[in-house]
Structure formats: structure tokens, C-alpha cells
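Please read the structure below before turning to the comments.
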Amino acid sequence: MTPQKPAAGPIEGTLSAADTVSSSPYADIFRRAHGFTKAQEARASGFYPYFIPIQGSDGTEVNIGGKNRIMIGSNNYLGLTHDPRVLAAAEKAARDYGSGCTGSRFLNGTLDLHLDLEHDLAEFIGQEAALVFSTGFLTNLGTIATLVTKDDAVIIDKLDHASIVDGCLMSPGKVFRYRHNDMEDLERQLNRIEPERGRLIAVDGVFSMEGDIAPLPDIVRIARKYGARILCDDAHSLGVLGPRGNGTPAHFGLTKDIDLVMGTFSKSFASIGGVIAGDAMVIDYIKHFARPMIFSAALPPYAVATVHTCLNIMKSEPERRERLWQITRKMLAGFQNLGFDTCTSETPIIPIITGDKEKTFNFWKSLFEAGIFANAVIPPAVPENACRIRTSYMATHTDEQLDIVLETFGRIGKKVGIL
């Protein structure tokens with residue numbers, strides 16, 4: 001008897017898997033996905049500002065649909081993504097070590113490149129030791145979830161980055177949140193914690209949607225009073241703040257008062273990855289117990305080489321950082337003189353407050369059509385009725401590009417009713 005060939009699809013007259021689930025008396029795990037239509041509606045209306053494919057870039061300008069647009073939505077603060085020295089280092093590392101490590105740092109994924117970078121980052125940040133993760137998000141997840149046990153508490157600013165929030169969710173400890181940069185509320189939350197609990201204050205050095213700086217001197221004073229350790233997330237600060245671009249603690253002269261400094265490589269370091277720096281024994285503990293470290297593939301060689309080259313440029317060319325701050329002052333003053341609300345910004349992250357979603361999407365689309373690439377930010381990334389266009393700047397932006405941005409914002413701001 002000749003065996004029958006299996007049918008290529010569902011057998012005629014039978015129910016598909018989807019039909020079976022939909023007719024079941026039990027709840028369908030896909031019900032929320034099937035009910036989510038807002039993105040499709042926004043795409044159909046032409047007011048969808050996310051997942052836009054960039055077809056080419058030189059850093060300060062990107063090509064989309066055959067048209068160049070000025071990029072003011074990137075975190076490439078020092079403008080190093082296209083630096084020939086960076087690209088050459090990445091290419092050499094790929095040729096010498098291959099395209100990836102294909103394994104965890106814990107097993108076969110540690111290269112001498114990783115160790116050299118960790119040594120130099122620790123020295124740059126001003127800590128005893130450093131540990132490199134494959135993304136910045138995983139760095140916060142791994143650090144917080146590893147250190148904060150069920151007998152501990154973690155205290156966070158309400159506007160901290162999602163990676164800090166998710167690290168808290170992954171930890172079994174109690175979580176307390178204080179109002180943004182409100183030191184009275186921070187102390188109030190610390191007062192609520194039982195004395196026998198260990199305490200970790202986790203705070204952004206520069207807040208990614210507001211562009212303001214955490215009041216680290218006050219946080220250090222309060223932390224000492226309550227026996228709390230401090231983790232400063234310097235994702236948007238390394239390369240930007242500090243006398244050498246070495247971060248928020250250095251900016252305030254508090255390097256030795258901050259227990260852990262976290263950084264990412266997807267901003268000033270022009271790559272991908274993250275680092276946690278601190279006491280050598282604490283870093284060694286994280287290395288051996290952080291699940292995102294143990295169960296993630298190591299940062300690939302070309303990325304490590306990119307970061308290390310950017311670090312060397314950062315240290316040897318302070319004029320890049322000086323140019324970035326010159327641009328920051330120009331754009332803050334320019335937007336404010338036009339009448340825009342720049343929130344509490346004091347860094348190269350300059351939000352333009354728009355209020356509701358409809359105005360935000362209208363403003364974004366008009367800017368995009370006029371040749372400006374910025375970011376439309378809506379809840380849950382920001383509070384309700386605090387929607388904004390998030391702009392950020394690079395040391396490589398030209399004055400001509402910046403003048404075009406200000407003129408375009410002013411003209412379109414009036415047209416869409418923001419001004």
C-alpha cells in the first residue's frame with residue numbers, strides 16, 4: 001500500500017487552529033493583539049512616526065524615500081558613528097575575531113577585547129572595576145535584579161528609564177517611587193522602609209525625555225542619612241557631562257560617592273552594549289549571578305572595538321564635547337526665543353512640549369515633510385497631556401543645519417498651533 005502524501009494545509013472541512021481557538025470557551029492569549037488597531041489606523045492616515053526605514057546616513061542627515069532629512073532624533077551625541085577611525089577599528093576586529101562571539105561571556109564569549117575595554121572604562125568612570133553587557137537595557141536589568149533581594153528595597157525616580165523599572169519588576173524586593181527630582185519625596189519614601197532592609201536608590205543621571213540632570217549632591221546627602229547605596233544610570237551622560245565626559249558623578253565632583261555607574265554604548269559610544277562600574281567585589285558578584293550576563297551572547301568584537309575607539313577619541317578630543325555644548329546653548333536659546341516650552345532641559349536632549357497626541361502627530365508629520373527627522377513621544381513614555389517632540393543634537397551638526405531646524409520649527413509651530 002502506497003503511503004499518502006501529507007496535506008500541505010488544513011484538511012478541507014476541518015477547523016483551522018484560529019477557528020478552534022475562537023470557538024473555544026476559554027480566553028485567547030492573542031485577544032489583545034487582535035484588538036489592537038491604533039497603529040494600523042495611524043499608518044493608514046499617514047500620521048505614524050515610528051519604525052521608519054532609513055536608507056542611508058552620514059550622521060547628521062538621513063535618507064528616507066530618496067530625500068535627505070536633518071537628523072535631530074539621534075543619541076549620537078559626539079557624532080562618531082561615521083568617524084573613519086571607528087569604522088576601521090570595527091572592520092579590523094571583525095577580521096581578527098569574526099563577526100560574533102557565539103556564546104555567553106560566562107563560557108566561550110570573553111575576549112581579551114572585553115577585558116581591555118572594561119579596564120579602561122573603569123578608569124575613565126573612576127571606579128575599581130567594570131563589566132560589559134550586550135545591551136544597556138540588560139545592564140540595568142541584570143544589576144538591579146541581582147542585587148535587590150526579597151529582603152531589600154529599591155527606590156526610583158518616577159521618570160527613570162524603563163530598563164530601571166523593569167529591573168525592579170524582575171527583582172523580588174520592594175519598590176518605592178518618588179516624584180521627579182523631588183528630594184523631600186525621596187526622603188519620605190526612604191522613611192517608609194524598614195531599617196533591616198538594604199536600600200538601593202537607582203536614578204538617571206540625565207533624564208532621556210526631559211533633558212534635565214538628577215540632583216546628585218542632594219541624593220548623596222539623603223542616601224548617607226538612610227544608609228542607601230546609589231546606582232546612577234549615565235546612559236545619556238557619558239561623553240556629555242563631566243570634565244572629561246566621564247559622567248554625572250564627575251560633573252558634580254562626586255565620583256567617589258556613587259556606588260555604581262551604569263552606561264550604554266548606543267549613545268556617545270556609537271555602538272550597542274552597556275557597562276556597570278563600581279566596587280570590584282560587587283562587580284565580580286554581578287558577573288557571576290546576573291542572568292542577563294550569564295544567558296546572553298557576548299558583545300561582538302566589532303562593537304567592542306567601536307566602543308574602545310570612541311572612548312579614546314572622547315578622551316583625546318575634548319573639543320567635540322565643547323562643540324556639543326555650544327550647540328546645546330544655541331538650540332535651547334533659539335527654541336525658547338521662539339516661544340517653545342523646552343520643559344526642564346539643560347542638556348543636548350531638548351524636548352518641545354506639544355500637549356496632546358493630535359497636535360504632536362500633526363507637528364511631527366509637518367516637520368518630517370519639511371525635511372526634519374525628530375521623535376514624537378507620547379504616553380506611556382511621558383505623562384498624559386505632556387506629549388512632546390524630542391530633539392537631540394550631535395557635535396557634528398553644522399550651524400547651517402541648526403538654523404534650518406529653528407526656522408522650520410518656528411514656521412510649522414505657528415501653522416499647527418503649538419506657538
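The residues of the chain have, on average, 47 Å² of accessible surface per residue, using a 1.4 Å probe with all protein chains present. Distance between the C-alpha centres of segment 48-70 and segment 252-284: 31 Å, rounded to the whole angstrom. With the simple spin-label model, which puts each label point 7 Å out from Cα in the Cβ direction, the ARG221 to PHE106 separation comes to 4.3 nm. The modelled label-to-label distance for the pair LEU169/TYR50, using points 7 Å beyond Cα in the direction of Cβ, is 1.4 nm.
State whether segment 115-243 is rounded, prolate or oblate according to the following rule on the C-alpha gyration tensor (a ≥ b ≥ c being the square roots of its eigenvalues): a/c under 1.5 gives rounded; otherwise a/b larger than b/c gives prolate, and the remaining case gives oblate. The shape class here is prolate.
Taking Cβ atoms as reference points and 15 Å as the exclusive limit, the residues near ASP152 contribute a net charge of +2, counting Lys and Arg as +1 and Asp and Glu as -1.
Close amide H pairs (under 5 Å, H built 1.01 Å from N) link ARG177 with ILE156, residues at least 5 positions away or on another chain. By definition, a body whose alpha carbon gyration tensor gives a ≥ b ≥ c is rounded when a/c is under 1.5, and the chain falls into this rounded group.
How high is the FRET efficiency from THR149 to HIS119, r the C-beta distance, R0 35 Å, rounded to 0.05? For R0 = 35 Å, the calculated efficiency reads 0.75. Largest accessible area first, the residues HIS236, HIS119 order themselves as HIS119, HIS236 under a 1.4 Å probe with ligands, DNA and RNA left out. For the pair GLU346 and ALA27 in one chain, pulling the backbone fully straight at 0.36 nm per residue adds 110.0 nm over the alpha carbon distance. Once you reduce segment 182-226 and segment 371-419 to the center of their Cα atoms, the two points are 31 Å from each other. When the solvent-accessible area of the chain is split by element, carbon and sulfur atoms take up 55 percent of it, the probe being 1.4 Å. Among the listed pairs LYS267/LYS330; LYS287/LYS315; LYS174/LYS359, a Cα-Cα separation exceeding 32 Å is found for LYS174/LYS359. Amide H contacts of SER104 (H built 1.01 Å from N, in plane; Pro and chain starts excluded): GLY109, ALA298 sit under 5 Å, all sequence-distant by 5 or more or on other chains. Residue ranges 56-69, 171-184 sort as 171-184, 56-69 when ordered by packing (mean number of other C-beta atoms within 10 Å per residue, highest first).
Applied to segment 359-364, the Karplus parametrisation 6.51 cos²θ - 1.76 cosθ + 1.60 on θ = phi - 60° returns per-residue 3J(HN,Hα) values of 5, 4, 5, 5, 5, 4 Hz, with x for Gly and Pro.
The values are calculated or read from the model by the stated rules, or taken from the named source; none is laboratory data. All values reported here derive from a predicted model rather than from experimental measurement. Because the Cβ atoms are built from the backbone with ideal geometry, glycine has one as well, and the counts that use them run over all protein chains shown. With ligands, DNA and RNA removed, areas are computed over all heavy atoms of the protein, side chains included. Shrake-Rupley method; radii C 1.70, N 1.55, O 1.52, S 1.80 Å.
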